[in-house]
Number of protein chains: 2
Amino acid sequence: MEKFRILEIKESVFEDNNVQADLLRAELKEQKTFLLNVMSSPGAGKTTTLKKTVNALKDQLNIGVMEADIDSDVDAATMAETGVRVIQLHTGGMCHLDADMTRQGLEGMGMENLDLVILENVGNLVCPAEFDTGAAKNAMILSVPEGDDKPLKYPLMFSICDVLLINKIDVLPYFNFDMEACIERVKKLSPNIKIIPICAQTGEGMEEWYEWLHTETKKWNEK
Amino acid sequence: MEKFRILEIKESVFEDNNVQADLLRAELKEQKTFLLNVMSSPGAGKTTTLKKTVNALKDQLNIGVMEADIDSDVDAATMAETGVRVIQLHTGGMCHLDADMTRQGLEGMGMENLDLVILENVGNLVCPAEFDTGAAKNAMILSVPEGDDKPLKYPLMFSICDVLLINKIDVLPYFNFDMEACIERVKKLSPNIKIIPICAQTGEGMEEWYEWLHTETKKWNEK
């Protein structure tokens, strides 16, 4: 038996994505579901980080995960091992999700009784930054091997995120990555962003991230 | 004095990009200029690899480099240190270059008397794969930290490339990267692709890459 469904996402028919995003956000607020939109480059460690996150929080929160990808279902297969509700979204070549596509995913997965839904967006630092998905918060993962200059080159992505996880800090000794310079560049774009250096593989820094996500979910769902 | 020009690229007015790409390719063939389109994720090592490549080949070939980015001019500043002709292309938020945008870049840089022009495309594994730039060959750089599953998730990118550099092999001991599995996945998408494992930082494998690029440039310009 399949542990997750694969949904082929259709292109949106709505012209004004911001309106659709605000509508979706209001509905999710009403039904007490916190939607987290997670973005990064390909290979920054989204799936590894999120699998650990789900395992850490699944006893306290009802969690659903939507895995968006151009193709393949490797991420949903990995995530399904946690036992939570998972759906694989195929974007059919599209490089991002907007609010309507996110809604299609939520409806395909089933939105009822979920405290937290995590959307793993397409691996891409450009296009996903331009489309509000309707999420309560945006998270970004930057990995050490990508370099500390990424905030200079993809400023929009950094400026729309509420939290930044700097992943793979275990390999800092092998890369020319200036953590202080990186943080300074990010703060210039987004002064209030929460920055948490982590290593998803070893678990370093992850407690602070779980704490942040748990607190934000509770705040959203209680108000 | 500035060592390179910054050009703000305009959105294309042409509907059929494939026609524009074929036209540009034919013109470049006529004037004996080999255009190489280089694509990768953000932070895979394009600029480091290309700077070494330019330094290795600049005594044998007249080279020009076009650095495409959403924002910033850090790559052009780095590349200008080689002394070859360099231009920074700002895409104004656009996530890829098409043939008309590439032509704007070539005209802005000056196309005369160049044996080899290298286009460093926007860091993105999705959108650049969908737009023929008019290049003679497409190259891709995949870095070890990104993971061996990338061909499964971004199949179009791998299937349109003529050569794949697998970069940062010096950190193979610190990552869970199965080189054999990766190569098998790539070959399934693109049976004739040339795959060269390299480390741009240490120079490992780079001779084979220089040789490939030099040979392809000569073949294109002599016929």
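The values are calculated or read from the model by the stated rules, or taken from the named source; none is laboratory data. Remember, it's a predicted structure, so these values are computed and weren't measured experimentally. With ideal geometry, Cβ positions are generated from the backbone for all residues, glycine too; neighbour counts draw on all protein chains shown.
Observations on the structure shown:
- Residues that are of a type in the set (G, A, S) and under 29 Å from B:S40 (Cβ atoms) were ranked within the range A:1-57; the one that is surrounded by the fewest Cβ atoms within 10 Å (Cβ to Cβ) is A:S12.
- Residue ranges of strands (runs of 3 or more DSSP E) in the range B:1-102 with at least 3 members within 14 Å of chain A (Cβ to nearest Cβ): B:63-69, B:85-90
- The residues listed here are A:E211, A:E146; of these, the one that is within 24 Å of A:T53 (Cα to Cα), away from chain B (no Cβ under 11 Å) and among the charged types (D, E, K, R) is A:E211.
- Test for B:E15: is it within 18 Å of B:C127 (Cα to Cα) and modelled with pLDDT under 90: yes
- Listed by first and then second residue, the pairs with beta-carbon distance under 9 Å, at least 6 apart or on different chains, first residue in the range A:64-81 and surrounded by fewer than 22 Cβ atoms within 10 Å (Cβ to Cβ), second modelled with pLDDT of 95 or more and of a type in the set (K, R), are A:T78/A:K51; A:E81/A:K51.
- Lone qualifier among A:V117, A:V163, A:V126 - being within 14 Å of chain B (Cβ to nearest Cβ) and either hydrophobic (A, V, I, L, M, F, W, C) or within 25 Å of A:D75 (Cβ to Cβ) (or both): A:V126
- For A:G92: the one exception among (1) touching a Gly at 6+ places or on another chain (Cβ under 6 Å); (2) surrounded by fewer than 24 Cβ atoms within 10 Å (Cβ to Cβ): (1)
- Residue count for the range B:129-143 under the criterion of being within 14 Å of chain A (Cβ to nearest Cβ) and either in contact (Cβ under 8 Å) with a residue 40 or more places away in the chain or farther than 21 Å from A:M94 by Cβ (or both): the result is 6.
- Hey, A:C199 modelled with pLDDT under 95 and either within 14 Å of chain B (Cβ to nearest Cβ) or buried (at least 23 other Cβ atoms within 10 Å of the Cβ) (or both) or not: no
- Scanning the range A:83-94 for residues that are farther than 11 Å from A:D69 by Cβ, over 15 Å from the mean Cα position of the chain (by Cα) and not small (G, A, S) gives A:V84, A:R85.
- Elements of type helices (runs of 4 or more DSSP H) in the range A:114-223, at least 2 residues being farther than 19 Å from A:S41 by Cβ: A:179-189, A:206-222
- Verdict on B:V126 being within 24 Å of B:S159 (Cβ to Cβ) and buried (at least 22 other Cβ atoms within 10 Å of the Cβ): yes
- Selection count where residues are in contact (Cβ under 8 Å) with a residue 40 or more places away in the chain and of a type outside the set (V, I, T), scope the range A:163-174: 3
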